[in-house]
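Student: Can you read through this structure? Questions will come right after.
The values are calculated or read from the model by the stated rules, or taken from the named source; none is laboratory data. In this text, all values refer to a predicted model and were calculated from it rather than measured experimentally. Positions of Cβ are backbone-derived with ideal geometry, glycine not excepted, and every protein chain shown enters the neighbour counts. The accessibility values were calculated without ligands, DNA or RNA, using every heavy atom of the protein model including side chains. Shrake-Rupley method; radii C 1.70, N 1.55, O 1.52, S 1.80 Å.
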Amino acid sequence: MSSENTSDDEDTFKILIATDIHLGYLEKDAIRGNDTYTTLDEILQCAKQNEVDFILLGGDLFHDNKPSRQCLHKCLTMLRKYCMGDSPVRFEILSDQKVNFNTTQFPWVNYQDENLNISIPVFSIHGNHDDPTGAEGLCALDLLSASGLVNHFGHSHSVEKIEISPILIQKGITKLALYGLGSIPDERLYRMFVNKQVSMLRPKEDQDGWFNLFTIHQNRSKHGPTNYIPEQFLDDFLDLVVWGHEHECLIKPTLNEQQLFYVSQPGSSVATSLSPGEATKKKIGLLRVKGRKMKLQEIPLKTVRQFFIEDVVLADHQDCFTPDTPHVTKKVEDYCFAKVTEMLDEAERERLGCRLTPEKPLIRLRVDYSGGFEAFNTSRFSQKFVDRVANPKDIIHFIRRREQKEIKDESSIDYGKLFKPTAVEGLRVEDLVKQYFEAAEQKVQLSLLTEQGMGKAIQEFVDKDEKEAIEELITYQLQKTQLHLQSRGVTTEQDIDAEVRLFRDSKKNTAEEEKDIQEAMNRAKAHRLERGDGDFADQDVSDVNMDSDEGSVPVAAPTRGRGRGSRGRGGRGRGRGATASEPKPAGRGRSQKSSTTSQSRSIFQAFQASSQKPSRTRATKSYTDEVIIDDSDEDIPVTKAARPPPKPSSSSSSSSFSKYGSQSQSQSRGIAFEDSDDDEDDPFKAPTRR
């Protein structure tokens, strides 16, 4: 792919690219209510002046999932004004349109409808603001699609498997494959990419002759371990990726060095938050594609309201004021007044000569008042600029840095080395426990338990809410150690400490250690079931007989639902099968054992204690003794043991496309992906390229 200049001729695609228009944002605001509509009018007018072939929108055309009637009316009016006309459409669609436009009863591109006269087609995916909802899975874009003004594509109906089928478009000798994927929750899509449940179909013939353009609406920056989509997840045969959802304007194509495709992030056309990412100048792109060459022209938007943001750290201005200065709050307020005035003067200078720019800008001053300063009254401060700014209520934003507290007793432990942000992802609890004791001092090392046993007990407590895990492990190990010392005949305190350490070290990383840990966990579980805190979470649901009507009890789903069926009427002993002699099981939050003293004892004192804590019985009640039969007609949801395997893809899409699995490896570009059960690729590993 090259970025050489391409001339406008019968072989060149001209595509206007924009994302995140957010129609209807603050439409009831007296000052900013028409900002989104004015900017959309400018975008459509720019498309008509440049005589583009079509408009490509990257999601979030509407700000609300259910836009108001005013918002829909203005959108329909502008689309009809600029996108309808007698100008001919100079490209044709070669793919199966029933697969491309599967959300409407009119499964064909709007300019081919004999009842419509479209001059500029609009292709759009949905975003997270205007995503499909309800039983029908409809969104606001489907209303525009049914009216014939917008071609909605990239909607995936399955939550188990995604096959992205491109819209194959040809103009002269240039062939364009337009891929699109509407907004999906990032965690779910991340998991589907890792499990290789996302595939992109490619034409079977002349795969290297197509320019592959992909539009996506997901998190690009990392907001969590799986709350984003890495660029490495996308297939390497792509040429250009138009990334929506991110509002910062980074429209200039940047090369992904690993996958060797370009990424363009147009950003939003309106500032929906007063953050630094929104302060960059808003732009749209005019993409020209000829053959395998492309050029992206940046077009600044003139009707976008100006936005200026600046940070002030009061502690850095010791020459002007300190927390001990008399009337320091008044001096800080005067300093902020001067800063806001400077930003207003800068906005006035930039607005000279551009009559389309709104008069009142957006101003945000973030004030860090850490170090003993006090915040002043922001409402009184805002009244001074009520006629000059568009956001007088939130000009000043006070922030304070979190102060790092010193740890006196354990200051020698390097926690930064233990808990690195890049290493926590995928790390287990027992690994953290092991690393802690490896770096800790000798005086805080374990004497009775092993690191593996303590880590396993903590994991059971955290992951499975096994409250007795740690206590049972300590009790079990104490009993075994006491029996070992009695058998060895050790009496002095020094000999006892040495023998305990030898006994503990001899079991490290052995089968006996695993056996002891499992025995302690079984005791904790048995004790919980004996108290009546046991639930069906530990029972394998697949073993429950669902076919027989006699002697079977419906199993409730472990998660709470909103319906009444999530809890039967016999849940509290009020059913017909409950008897007065049966004890009421204790709740999960109530403890039935007496409180014990928290005073710690040494191993030698525990060994010499005359009275020992009796061992807990392992006898547990069967579930049939505590189940209460309910004759009510209410339905109780039953959890399924396993999902049925996904259905194979339809023959209509596979007949003209070959599957290209996500992150599949091929010897060179254009080679179709071959399914293999033995292929276990790393999702972050780049495929082999020629």
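Student: Can you pull the one-decimal nm distance between simple spin-label points at Ile474 and Ser370, each 7 Å off the Cα toward Cβ?
Tutor: The answer from the label model is 3.7 nm.
Student: Next up: If you wrap a convex hull around the C-alpha atoms of segment 90-231 and split its volume per residue, what is the figure in Å³? Display every interim value, and only then the final one.
Tutor: On the way: hull volume 18.0 nm³, N = 142.
Per residue, the Cα convex hull of segment 90-231 comes to 127 Å³.
Student: Residue by residue, what Karplus-based ³J(HN,Hα) values in Hz, rounded to whole numbers, does segment 523-530 have, using 6.51, -1.76 and 1.60 with θ = phi - 60° and x for Gly and Pro?
Tutor: For segment 523-530, the Karplus curve yields 5, 4, 5, 5, 5, 5, 5, 5 Hz.
Student: Quick check: at a probe of 1.4 Å, how many percent of the accessible area of segment 172-218 sits on carbon and sulfur atoms? Kindly include the intermediate steps, with their values, before the conclusion.
Tutor: Numbers: 700 of 1520 Å².
Carbon-and-sulfur percentage of accessible area, whole number: 46.
Student: Can you tell me which of 128-141, 351-364 comes out highest on packing, and rank the rest after it, using the mean Cβ neighbours within 10 Å? Can you show the working numbers first?
Tutor: Numbers: 128-141: 17.7, 351-364: 15.7.
By packing density, highest mean first, the sequence is 128-141, 351-364.
Student: Rounded to the nearest 20 Debye, what is the dipole magnitude of segment 135-232 about its Cα centre when Lys and Arg each give +1 and Asp and Glu each give -1 at the C-beta?
Tutor: Values: 10 positive and 10 negative charges, 42 e Å.
The dipole of segment 135-232 has a size of about 200 debye.
Student: Work out, step by step, the length gained on full extension between Asp64 and Glu187: first 0.36 nm times the residue separation, then minus their alpha carbon distance; give nm to one decimal.
Tutor: Details: separation 123, 0.36 × 123 = 44.28 nm, distance 2.21 nm.
My answer for the length gained is 42.1 nm.
Student: Taking amide H positions as placed in the peptide plane 1.01 Å from N, state which residues far from His245 in sequence (5 or more) or on other chains have amide H under 5 Å from it.
Tutor: Correct list: Asp20.
Student: Using only the C-alpha atoms of segment 204-338, find the volume of their convex hull and express it per residue in Å³. It would help to have the intermediate numbers written out before the result.
Tutor: Details: hull volume 23.4 nm³, N = 135.
Convex hull volume per residue, Cα atoms: 174 Å³.
Student: While we're here: Past the 26 Å Cα-Cα mark, which pairs from Lys204/Lys290; Lys252/Lys302; Lys175/Lys282; Lys28/Lys48?
Tutor: Listed pairs above 26 Å: Lys175/Lys282; Lys28/Lys48.
Student: Please list 3J(HN,Hα) in residue order for segment 450-456, calculated via the Karplus relation 6.51 cos²θ - 1.76 cosθ + 1.60 where θ = phi - 60°; whole Hz, with x for glycine and proline.
Tutor: Working through the residues one at a time gives 8, 4, 5, x, 5, x, 5 Hz.
Student: R0 = 41 Å: FRET efficiency of Glu359 with Leu255, Cβ-based, nearest 0.05? Don't jump to the answer; show the numbers that get you there.
Tutor: Values: r = 40 Å, r/R0 = 0.98.
That pair, Glu359 with Leu255, gives E of 0.55.
Student: Could you report segment 77-180's accessible area per residue, 1.4 Å probe, as an integer in Å²? Each step should come with its number before you reach the end.
Tutor: Working: 4510 Å² over 104 residues.
Using a 1.4 Å probe on heavy atoms only, each residue of segment 77-180 averages 43 Å².
Student: So how much accessible area does Phe233 have, in Å² to the nearest 10, using a 1.4 Å probe?
Tutor: Here the residue's solvent-accessible area equals roughly 0 Å².
Student: Right, something else. For Tyr335 and His73 in the same chain, what is the full-extension length gain: residue separation times 0.36 nm, less their Cα-Cα distance, in nm? Numbers along the way, then the final one.
Tutor: Values: separation 262, 0.36 × 262 = 94.32 nm, distance 4.59 nm.
Here the segment from Tyr335 to His73 would lengthen by 89.7 nm.
Student: Also: Restricting to Cα pairs below 8 Å that are 6+ residues apart, what does the relative contact order work out to for segment 94-218? Please round to a whole percent. Working shown, then result.
Tutor: Values: 199 pairs, mean separation 32.4, N = 125.
Relative contact order here is 26 percent.
Student: For segment 261-367, I need the span (max minus min coordinate) of the C-alpha atoms along each principal axis, in Å, sorted largest to smallest.
Tutor: Between the extreme Cα coordinates on each principal axis of segment 261-367 lie 71, 35, 22 Å.
Student: Sorted by average packing, counted as other Cβ atoms within 10 angstrom per residue and highest first, what order do 270-280, 48-58, 314-324 take? Working shown, then result.
Tutor: On the way: 270-280: 17.4, 48-58: 20.0, 314-324: 13.1.
Highest mean packing first, the order is 48-58, 270-280, 314-324.
Student: Under the rule of at least 5 residues apart or a separate chain, name every residue whose amide H is placed under 5 Å from the amide H of Asn219.
Tutor: HN-HN under 5 Å from Asn219: Ile229.
Student: Now for a separate question. Pulled fully out, how much extra length does the chain show between Ser221 and Leu483, if you take 0.36 nm times their separation in residues and subtract their Cα-Cα distance? Mind dumping the intermediate values first?
Tutor: On the way: separation 262, 0.36 × 262 = 94.32 nm, distance 5.73 nm.
Length gained between Ser221 and Leu483: 88.6 nm.
Student: Another one. Once phi is turned into θ = phi - 60°, what whole-Hz ³J(HN,Hα) does the Karplus curve with 6.51, -1.76 and 1.60 give for every residue of segment 477-493, x standing for Gly and Pro?
Tutor: 5, 5, 5, 5, 5, 5, 5, 5, 5, 5, 5, 8, x, 7, 10, 7, 5
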